[in-house]
Amino acid sequence: MAEEHNNTRGKLREIFAAALAAVAPDAAVTRHVHLAAGGTRLEAGGRSWDLARGSVRVVGAGKGAAPMAQALENLLGAHIVEGFVVVKYGHHLPLAHMGMAQAAHPVPDAAGVAAARRILKIAHDCAPGDLLICLLTGGASALTAAPAPGLALEDLQATTNLLLQCGATIHEVNAVRKHLSSLGGGQLAAAANGADVLGIIVSDVVGDALDVIASGPTSPDPSTFAQCLEILERYHILDQVPAPARERLEAGAAGLIPETPKPGDPLFERVCNVLAATSRQALEAAAARAEALGMEARILTDSLTGEARNVAAQLVAEARQAAAALKPGDRSLCLLAGGETTVTLRGNGLGGRNQEMALAAALELENVPGISGIFAGTDGTDGPTDAAGGFADAGSVARMGGSDTARAFLRANDSNAALVQAGDLLITGPTRTNVMDLAALLVDAPAVKERA
């Protein structure tokens, strides 16, 4: 039984590793950005730029910005006259032609404020004829905290915390962030003084909306101050938001503060955004690996959303239904889903959305043989922990101490402790990419009975 358990877990790890390899940010850069005309022209997104026409500057932010910057340095080298990227603590890599800083995620810190100032300074250094390349991955919003006029870092921290704890979606979180920022919502592109802007973007949001990824620093922003107020009211946190942030949103809704750049603004005629890696690519690679391992792979969705514990129960229900339809001799199944769930905090435990999914799935799989799952963040971090997520199988709950104990862990949002107890925690370390989360459920086919 232990050997079978380890074999299944090994397959789940292989499938997850294949997904990560497919969305490595450095490879994403080299797939989409090329040199032509003897190295004098840069091509990306169906457009090209004469490197001799002006200066090339590079800025970047996000958990995967370091390998993207390395890949771009290998391509452009001394063509880069100035560059700087900011990454989450522990995600740094050495660079030869650019500076690098580390800052906090998901709640911004002073290092992120300083990094945002430096990025805006590089944008302001640009002039017509120059090219500003922006490397953006998940995490960039928090890593480039740029408080709008009249706001302090503490206002952004408190507002971000409230949004994360109430279960708001990343679309809603980033809509508010953009309107409290001097960099998000197309404002970085606007700061580039008429230079061309090339955004190379790794998506960490459902639907791959460019205005939401990293809070859309190079994309037009369709959201409004009024919508931000509606979001805060919907989650009943408007009165808890710091007064300076609330007053800014109210002033903007009243037309007293200019909106972020909107679709149709002429400034975006000189902007080219390239979507370089997505959840769908990760899922397709995971499916290919599962097929290579002898399974039938089915991608259920790349738009997984909802309360983590409920989504986990739904995925397990789908796996059980699929298991019931399998006959002896059929191939085993690998059911795959990608996206980003949310957790509404009810307790004071430690965990994250993927760990909570693993715990909830374990409860659904108690004493249900033949189904095992992995639930993991492609960035290698899940909530304020060092884990990427966790595993779940028929024996997980027993290893946690029984169903009563497991349910108590879930009520307290203490999934990390539950998975540690069960030996089901997944720790990968920083992956330096981020295309949201991936869930994989392996469903064994019934064994072929031997004739007597």
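Laid out as a table, the results:
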{"read-out": "Residue match in the range 154-166 (condition: open to solvent by 10 Å² or more (accessible area, probe 1.4 Å) and assigned to a loop (DSSP other than H, G, I, E, B))", "value": "no"}
{"read-out": "Checklist (1) touching an Asp or Glu at 6+ places or on another chain (Cβ under 9 Å); (2) modelled with pLDDT of 95 or more; (3) not acidic (Asp, Glu) applied to residue 53, failing item", "value": "(2)"}
{"read-out": "Close pairs (8 angstrom Cβ cut-off, 6 or more residues apart or separate chains): of a type in the set (S, T, N, Q) in the range 242-267, outside any helix (DSSP H, G or I) anywhere", "value": "260/184; 260/185; 260/186; 260/221; 260/223"}
{"read-out": "Which numbered condition residue 302 fails, given (1) outside any helix (DSSP H, G or I); (2) buried (at least 24 other Cβ atoms within 10 Å of the Cβ); (3) among the acidic types (Asp, Glu)", "value": "(2)"}
{"read-out": "Subset of the range 33-75 (residues that are more than 27 Å from the chain's Cα centre (by Cα) and under 21 Å from residue 122 (Cα atoms))", "value": "42, 49, 50, 51, 52, 53, 54, 55, 56"}
{"read-out": "Residues located in the range 383-412, provided they are touching an Asp or Glu at 6+ places or on another chain (Cβ under 7 Å) and open to solvent by less than 20 Å² (accessible area, probe 1.4 Å)", "value": "388, 389, 390, 391, 392, 396, 397"}
{"read-out": "Evaluation of residue 367 against (1) in a helix (DSSP H, G or I); (2) surrounded by fewer than 17 Cβ atoms within 10 Å (Cβ to Cβ) (one fails), failing number", "value": "(1)"}
{"read-out": "Test result for residue 185, within 28 Å of residue 27 (Cα to Cα) and among the small types (Gly, Ala, Ser)", "value": "yes"}
{"read-out": "Considering residues of the range 28-59 that are touching a Ser or Thr at 6+ places or on another chain (Cβ under 8 Å) and surrounded by 15 or more Cβ atoms within 10 Å (Cβ to Cβ) only, the residue nearest to residue 129 (Cα to Cα)", "value": "51"}
{"read-out": "Qualifying residue in the range 113-133 (condition: open to solvent by 10 Å² or more (accessible area, probe 1.4 Å), at pLDDT 95 or above and at positive phi)", "value": "yes"}
{"read-out": "Any hit, the range 214-222, residues being modelled with pLDDT of 95 or more and of a type in the set (A, V, I, L, M)", "value": "no"}
{"read-out": "Number of the condition not met by residue 7 [criteria: (1) open to solvent by 30 Å² or more (accessible area, probe 1.4 Å); (2) more than 28 Å from residue 391 (Cα to Cα)]", "value": "(2)"}
{"read-out": "From 342, 378, residue being of a type in the set (S, T, N, Q), at pLDDT below 95 and within 18 Å of the chain's Cα centre (by Cα)", "value": "342"}
{"read-out": "Of residues in the range 416-452 being β-branched (Val, Ile, Thr) and open to solvent by 10 Å² or more (accessible area, probe 1.4 Å), the one farthest from residue 205 (Cα to Cα)", "value": "448"}
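The values are calculated or read from the model by the stated rules, or taken from the named source; none is laboratory data. Computed from a predicted structure; not experimentally measured. We place every Cβ from the backbone using ideal geometry, glycine too, and count neighbours over all the protein chains shown. Ligands, DNA and RNA are stripped out before the accessible areas are found, and what is left, the full protein with its side chains, is counted by its heavy atoms. Shrake-Rupley method; radii C 1.70, N 1.55, O 1.52, S 1.80 Å.
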